[in-house]
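To keep things clear, I will list the structure first and then write my remarks on it.
The values are calculated or read from the model by the stated rules, or taken from the named source; none is laboratory data. As the structure is a prediction and not an experimental result, all values here were calculated from the model. When we count neighbours, we look across all protein chains shown, and the Cβ atoms used for this are built from the backbone with ideal geometry, even at glycine. Surface areas here come from the heavy atoms of the whole protein model, side chains and all, with no ligands, DNA or RNA. Shrake-Rupley method; radii C 1.70, N 1.55, O 1.52, S 1.80 Å.
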Amino acid sequence: MVDITHKVTTLRTAKAQAIVHVSSAETIAAVVENRVPKGNVFEMAKVAGLFAVKNTHITIPDCHPLPVEYTAVEYEIDGLEIRIYITVKTVYKTGVEVEAMHGASVIALTMYDMLKPIDKGIVIREIGLVQKTGGKSSFKEKDPKEIQAAVVVCSDSISKGVKEDKAGKVIVDKLKTHGVNVTSYEVIPDELELIRARTFELTEKNQLVIFTGGTGLSQRDVTPEALEPILERRIPGVEEAIRSYGQKIMPFAMLSRSVAGTIGDSIVLALPGSTNGARESMDAVFPHLLHVFRILKGANHEPSE
């Protein structure tokens with residue numbers, strides 16, 4: 001199965017449909033009046049659909065087992081058509097589109113099986129997705145390419161050439177995948193005043209400034225001390241999201257002192273200096289963090305459509 005360990009948990013919904021086309025009005029009347037010999041078509045098909053949704057991962061090889069937290073089945077009759085609609089919800093790392101379509105398919109097949117003794121002309125068609133929400137596309141900003149970002153690696157050893165930077169490059173690559181324009185990338189030593197000075201300089205030209213390194217507990221880890229006094233407003237939810245996400249993967253994540261806040265209309269982040277720590281921190285808050293730039297411009301808190 002596809003690796004989804006890096007994804008964040010969100011509310012995800014999907015609505016699917018299927019159409020059962022019968023050959024006579026008498027068949028529709030038998031369904032509505034509950035005169036079908038095999039039983040109540042609507043209720044039995046609904047039960048079959050519920051079982052199908054919950055067991056999709058058993059039938060479809062690449063589907064992940066996930067907690068199905070809501071399923072609803074609706075029917076509409078239009079002439080000789082029975083339209084089936086099924087809505088599925090979960091709070092998880094991956095969506096429920098296939099679960100919804102699987103449920104719709106099985107409901108349609110159950111109807112076919114129950115109605116074939118009285119109608120030999122039944123056709124199932126138009127099984128498909130009607131709507132989905134909650135995935136990455138639901139939180140995609142309209143024009144992130146307007147955002148200018150700077151990435152700064154804080155490390156004595158890397159600035160001296162003793163080690164090679166990987167964390168900063170991970171951050172740069174992640175930003176580029178979301179259409180953010182990275183205007184500068186640099187490595188500086190763990191010097192408090194230098195970090196603070198570069199912050200002021202970079203926030204004048206960039207809406208996003210990300211530091212990596214210096215957020216631990218060693219004597220030379222001073223990035224939070226450099227940033228905290230100059231941040232105008234802290235964003236504790238971002239800091240909490242980073243640590244909470246990381247803690248589920250690495251138990252040492254709780255020791256990180258990641259920082260997030262604003263200076264003017266710029267967002268400043270201080271992330272861990274390890275490669276995995278930087279990658280996981282970016283996974284925890286991107287692309288969702290990009291929404292903050294619409295808020296700073298006066299938009300409401302609803303995600304972009």
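Counting only protein heavy atoms and a 1.4 Å probe, segment 82-212 has 48 square angstrom of accessible area per residue. Placing a label point 7 Å from the Cα of residue 5 along the Cα-to-Cβ direction, the residues of segment 216-245 with a backbone N closer than 20 Å are 242-245. Label positions at residue 185 and residue 244, each projected 7 Å from the Cα along the C-beta direction, are separated by 3.1 nm.
Model label points for residue 296 and residue 163, set 7 angstrom from Cα along the Cα-to-Cβ axis, are 2.9 nm apart. In segment 172-305, carbon and sulfur make up what percent of the accessible area (probe 1.4 Å)? About 54 percent, which is the carbon plus sulfur part of the accessible surface.
A Förster radius of 25 Å, combined with the Cβ-Cβ distance separating residue 70 from residue 234, puts the computed FRET efficiency at roughly 0.10.
Surface calculation, 1.4 Å probe, protein heavy atoms: residue 89 sits at approximately 80 Å² accessible. For the chain, the relative contact order comes to 18 percent (Cα pairs under 8 Å, sequence separation of at least 6).
Ordering 15, 38 from largest to smallest accessible area (1.4 angstrom probe), what's the sequence?
Largest accessible area first, the list is 38, 15.
Sparsely packed loop sites in segment 207-252 (the GluC sites (Glu not before Pro) outside DSSP H, G, I, E and B with at most 10 other Cβ atoms within 10 Å) comprise 232.
Leaving ligands, DNA and RNA out of it, rank 23, 184 by accessible area with a 1.4 Å probe, largest first.
From most exposed to least exposed: 23, 184.
Beta bridges per DSSP, both residues in the chain: antiparallel share near 70 percent. When the pairs 93/169; 54/174; 15/166; 89/120; 132/205 are compared against a 30 Å limit on Cα-Cα distance, 54/174; 15/166; 89/120; 132/205 fall above it.
Comparing mean-square fluctuations of 286, 211, 200 from a GNM of the chain with C-alpha springs under 10 Å, the top value falls on 200. The candidate values are (i) -0.42, -0.75, -1.22; (ii) -0.51, -0.73, -1.06; (iii) -0.36, -0.67, -1.23; the one derived from this structure for log10 I(q)/I(0) by the Debye sum over Cα atoms at q = 0.08, 0.11, 0.15 Å⁻¹ carries the label (ii). Electrostatic tally near residue 62: other residues with Cβ closer than 14 Å to its Cβ, Lys and Arg +1, Asp and Glu -1, net -3.
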